[in-house]
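Heads up, the thing below is written out as structure tokens.
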Amino acid sequence: MSGGRNKAQQQAARAEAAAWLARLRSEDRSAEDERGFRAWLAESEDHRAAFEVTNAIFEMAGAADRRPQQTQADRQVSRRHVLRAGMGLAAASVAGVVVYLRSGTTYATDIGEQHKVSLEDGTLVSLDTDTEIHVSMNDTRRQAKLRKGRAHFDVAEDRVRPFHVIAGDQRISTPRGHFDVSRDGMVVSVLLEEGPVEVELGNSVAGVPMPRLLTAGQLVVFAEDKVVREERPVMERASAWRQGRLAFFGEPLAEAVAAMNRYTRRPIVILDPEIAQMPISGNYSVDDPQAFATSISVLLPVRVEMERSRITLRRTEETRAHIRHRLDRPLA
């Protein structure tokens with residue numbers, strides 16, 4: 001009888017975990033939802049295990065969602081199946097999944113892919129293309145290590161356990177907040193949207209870390225242990241990637257192309273250096289580099305050629321006149 005009762009308890013816990021996961025991933029989630037989830041999670045070890053397994057299965061379903069032959073309806077059915085009735089899928093490997101998750105979980109996206117992850121503390125992480133993070137949590141700490149790419153963190157409040165993001169030589173800490181962290185090699189950028197966020201640099205004076213408190217709307221770029229740039233970008237443009245778009249306003253064409261190329265295996269290649277610094281503006285979908293390139297040919301004196309493995313940009317006969325016209329214009 002005890003075995004049957006334990007199995008029933010596990011099934012009930014997994015059903016509750018699935019309901020919490022759906023609520024946390026909802027756009028309508030609230031601070032009350034996050035507090036309720038943390039209270040439910042703290043009630044028993046069974047709840048923690050059930051949530052870890054449920055979240056793992058959801059991520060597996062997300063991988064299946066990326067198969068090109070599936071329709072949107074297929075994806076919705078597959079996710080609903082996992083959340084409502086798919087707990088049996090992990091029955092044969094529950095122990096291994098739970099042990100793995102408790103030692104930390106790695107989440108990653110492929111080129112051209114974006115994904116959202118709900119962590120056990122109620123924090124929501126949005127992963128950009130070609131991104132990898134490793135998350136570990138226990139009763140005293142919450143930590144995510146950004147190995148590459150870009151992620152947005154909606155950190156659930158916990159005054160006892162600050163949330164730490166480690167990226168290169170930087171350690172970003174906050175009890176709550178909303179911010180982006182990106183890493184390209186040893187270059188790390190932090191963009192604060194809301195909340196008290198502190199960054200500790202890799203260097204120190206007499207062994208004491210040097211914290212830096214960021215303010216809302218501030219972007220700081222670090223190269224190893226040095227600050228190389230600070231600015232206050234237009235937040236709507238800076239956060240456009242989370243809606244699957246890239247927004248440019250007068251950026252050099254080379255920068256815009258580099259940003260778009262992060263989302264595609266069919267790169268856009270600038271063949272003539274003369275056009276690399278031409279300014280480009282607009283709002284573009286990250287999953288349609290061909291449309292982006294085509295629009296460039298409309299906005300600038302640039303010829304676009306669609307090749308099998310790449311898209312090339314060349315100057316036209318009007319390019320030199322276009323550049324000369326810009327240089328000859330009087331300064332405003």
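The values are calculated or read from the model by the stated rules, or taken from the named source; none is laboratory data. Since we're looking at a predicted model, the values are computed, not measured. Counting neighbours? That spans all protein chains shown, and the Cβs are built from the backbone with ideal geometry, glycine included. Each accessible area value is taken on the protein alone, full model and side chains, heavy atoms only, with ligands, DNA and RNA left out. Shrake-Rupley method; radii C 1.70, N 1.55, O 1.52, S 1.80 Å.
Close amide H pairs (under 5 Å, H built 1.01 Å from N) link R245 with V286, residues at least 5 positions away or on another chain. Spin-label model, A108/E198: points 7 Å from Cα along the beta carbon direction are separated by 3.3 nm.
Over all directions, the projected convex hull of the C-alpha atoms in the range 207-293 averages 7.7 nm² in area.
Placing +1 on the Cβ of every Lys and Arg and -1 on the Cβ of every Asp and Glu, with no other charges, gives the range 110-228 a dipole of roughly 300 debye about its Cα centre.
At the residue level, D225 shows approximately 50 square angstrom of accessible surface with a 1.4 angstrom probe and all protein chains present. With a Förster radius of 30 Å applied to the beta-carbon distance between A216 and D287, the computed FRET efficiency rounds to 0.50.
Backbone amide hydrogens, once placed in the peptide plane, bring R142 within less than 5 Å of H164, excluding anything fewer than 5 places away on its chain.
Surface listing: V187, V220 arranged by accessible area from highest to lowest gives V187, V220, probe 1.4 Å. Modelled spin labels at R314 and R159, positioned 7 Å past Cα toward Cβ, are 6.6 nm from each other. Close amide H pairs (under 5 Å, H built 1.01 Å from N) link G177 with V155, residues at least 5 positions away or on another chain.
From a point 7 Å beyond the Cα of D184 in the direction of its Cβ, which residues of the range 252-274 have a backbone N at a distance under 18 Å? Output list for this probe position: 252-271. Computed about its Cα centre, the charge dipole of the range 276-320 is approximately 200 debye, with only Lys, Arg, Asp and Glu carrying charge at their Cβ.
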